[in-house]
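To keep things clear, I will list the structure first and then write my remarks on it.
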Amino acid sequence: MKKNFKPIYFIIALFFLIPTGCTYNNSSSTDLLVNNQQITTTINPETTRSDCDTLVITCIDYRFAIANQEFINETLGLKDNYDHISIPGSISNLVNPETRELLFSKFALSVKLHLINRVVVISHKDCGAYGGSVSFGSEIAENETLCADLRTARTLLIEKYPTLEVNLFLESLVKEGDQVRVNFEKIP
């Protein structure tokens, strides 16, 4: 009879442990969902308009996300005046004929609805969509490939939307002492 009780004790223990473990979850997102709270934030009144000047296209790589926002908002002066599309590989999918039309369909919405007249494309070195830096064999080959793809992206965008101004940037991680910085290079 003792053999039959062991599985029952185990199931009873799990019954009490699982709910206990869940009560110790300190995630704020579950609190928001459980309490059905509303979150609001104040925006610049200018952002309530229905158009903006620029579409910015970047890669999703988290290593560059904060630097991209600072560069776009502060250096380029686009704060509150741009649409932002972040896609894996940034331009790799645009220069690939198999995925190009899908991306153009997304760009078309921004260009049409928000009256875009400028596109900023930011690509970066060591991009996973290309297989990372190691897949190029050398820094020079990587730089040449990415710059060529950026220029191809510009040509494709201008062919599709002849009135657009297209600005290209290539970014890279640069180690300076103990710090890592993001360097932006404008591509002519």
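The values are calculated or read from the model by the stated rules, or taken from the named source; none is laboratory data. These numbers were taken from a predicted model, which means no experiment stands behind them. All Cβ positions, glycine included, derive from the backbone under ideal geometry; neighbour counts span all protein chains shown.
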**Complete:** For strands (runs of 3 or more DSSP E) lying entirely in the stretch 111-188, having 2 or more residues that are of a type outside the set (D, E, K, R) and more than 21 Å from residue 53 (Cα to Cα) picks out 165-176, 179-187
**Prompt:** Which of the residues spanning the stretch 109-133 are touching a residue at least 12 places away in the same chain (Cβ under 8 Å) and over 18 Å from the mean Cα position of the chain (by Cα)?
**Reply:** 111, 113, 114, 115, 116, 117, 118
**Request:** Mind telling me which of the residues 94, 102, 146 ends up being free of Cβ contacts under 8 Å to residues at least 12 places away in the same chain and within 18 Å of the chain's Cα centre (by Cα)?
**Result:** 102
**Item:** Yes/no for residue 149 being more than 22 Å from residue 75 (Cα to Cα), touching an Asp or Glu at 6+ places or on another chain (Cβ under 9 Å) and modelled with pLDDT of 95 or more
**Value:** no
